[in-house]
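**Student:** Pasting a structure here, questions to come.
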Amino acid sequence: MSDTQRQEYKVSRAQHPADTCVTVGAATVGGGNFLLIAGPCSVESAEQIATTATAVKAAGAQVLRGGAFKPRTSPYDFQGLAEEGIQLLLQAGRAAKLPVVTEIVDAQQIPAFAEVDIIQVGARNMQNFSLLRQLATLNKPVLLKRGFGNTLDELLSSAEYLLSGGNDQVILCERGVRSFDPALRCALDVAAIARLKELTHLPVIVDPSHATAAAHLLRPVALAAVAAGADGLMIEVHPDPASALCDGQQSITPAAFAALAQDVAALRAALR
Ligand code: PEP
Ligand code: MN
């Protein structure tokens, strides 16, 4: 897409020079407001999600995440607790006073998301245009993740489906792209954070958990994202990563999350 065409898009900074702010409950993202999202890859049980919610809230998280409809590469892997998972997530969020975000993989699931605060569109569905068109009709924030093989133009065009359909409560998320190097699962595109902030007024957050797929790499990559200007982070946290049904290798403990949250706050203060 040419720069001229891009500037006519509703997502473009040229159309809307001021930062867009998206508010969920007591939290706002964009316009200098930083959003910390944390929680497990998947909701596994009432106890697991409630324990995580209490711990991440105490550490400073403002939104609770937890997958209920999981887009797994293998059909034999844990697929999530579906509607029951959403109910357990909502209960844990309410008890901890945290809004919740969870992923939708099919437009038919929209009724199950009625009380969900932010609907996540995952990397694999970034270009599911019929899903985007349906989400555009809802009065609800959407967290749109960049596909691991998609350009920034394609990400912004997908966001344009939401804005042009009437939903401007959109948060973009960089979560790493495929590279040639098997030493890393994905390459976090740090420059994309800064570039997106030029191209669009929408808030841009980063998911370093799926970008690294390795808990031991999380801290430096998360801090790099903050330094590059990210408006927030989404971090996978599990009370017992070794027993997680999904993505345990990249999940950090509540204690590690609390330490990271302090480092993020210190880095943001130093950059001001
Ligand atoms: C997720 O955040 O749960 C997820 C599956 O991430 P992605 O779509 O970025 O792979
Ligand atoms: Mn995950």
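Values in this text are rule-based calculations from the coordinates and carry no lab data. These figures come from a predicted structure and were not determined experimentally. A quick note on method: Cβ atoms are made from the backbone with ideal geometry, for glycine too, and the neighbour counts reach across all protein chains shown.
**Student:** Thinking of the chain as a set of Cα atoms, what percent of all their pairs are more than 24 Å apart?
**Tutor:** 44 percent
**Student:** Another question, if that's okay. Over all alpha-carbon pairs in segment 154-214, figure out the percentage whose distance exceeds 14 Å. Present the calculation step by step, with values, prior to reporting the outcome.
**Tutor:** Numbers: 1076 of 1830 pairs.
Everything past 14 Å amounts to 59 percent.
**Student:** Using 1/(1 + (r/R0)^6) with R0 = 30 angstrom and r between the beta carbons of Lys140 and Arg72, what's the FRET efficiency to the nearest 0.05? Don't jump to the answer; show the numbers that get you there.
**Tutor:** Values: r = 25 Å, r/R0 = 0.83.
Computed FRET efficiency for Lys140 and Arg72: 0.75.
**Student:** Can you give the Rg to Rh ratio of segment 93-226, both from alpha-carbon atoms, with Rh computed by the Kirkwood formula?
**Tutor:** 0.97
**Student:** Also, quick follow-up: At q = 0.11, 0.12, 0.20 Å⁻¹, what log₁₀ I(q)/I(0) does segment 1-92 have when each alpha carbon counts as one equal point scatterer in the Debye sum?
**Tutor:** With one equal scatterer per Cα and no solvent, log10 I(q)/I(0) is -0.50, -0.57, -0.91.
**Student:** Hey, can you rank 115-123, 194-202 by average C-beta count inside 10 Å, highest first?
**Tutor:** Packing proxy ranking, top to bottom: 115-123, 194-202.
**Student:** Okay, moving on. Across the chain, how many lysine pairs, 8 or more apart or on two chains, come within less than 21 Å at their alpha-carbon atoms?
**Tutor:** Lysine pairs meeting the criterion: 8.
**Student:** Follow-up question, since we're still on this one. For the chain, which cysteines have no disulfide-compatible partner, meaning no other cysteine Cβ under 4.7 Å?
**Tutor:** Within the chain, the cysteines lacking a partner Cβ under 4.7 Å are Cys21, Cys173, Cys186.
**Student:** Quick one: length gained pulling Cys21 to Gln91 fully straight, 0.36 nm per residue minus the C-alpha distance?
**Tutor:** 22.6 nm
**Student:** Using the Cα atoms as the points, what is the convex hull volume per residue of segment 177-272 in Å³? Don't skip to the answer; put the middle values down first.
**Tutor:** Working: hull volume 9.9 nm³, N = 96.
Hull volume normalised by residue count: 103 Å³.
**Student:** Kirkwood hydrodynamic radius, segment 1-50, all distinct C-alpha pairs: what's the number in Å?
**Tutor:** Numbers: mean 1/r = 0.0703 Å⁻¹.
With all distinct Cα pairs of segment 1-50 included, I get 14.2 Å.
**Student:** Using the 10 angstrom Cβ neighbour count as an exposure proxy, how do Lys140, Lys145 rank, fewest first?
**Tutor:** Lys140, Lys145
**Student:** Then there's this: What whole-number distance in Å separates the alpha-carbon centres of segment 196-272 and segment 30-102?
**Tutor:** 15 Å
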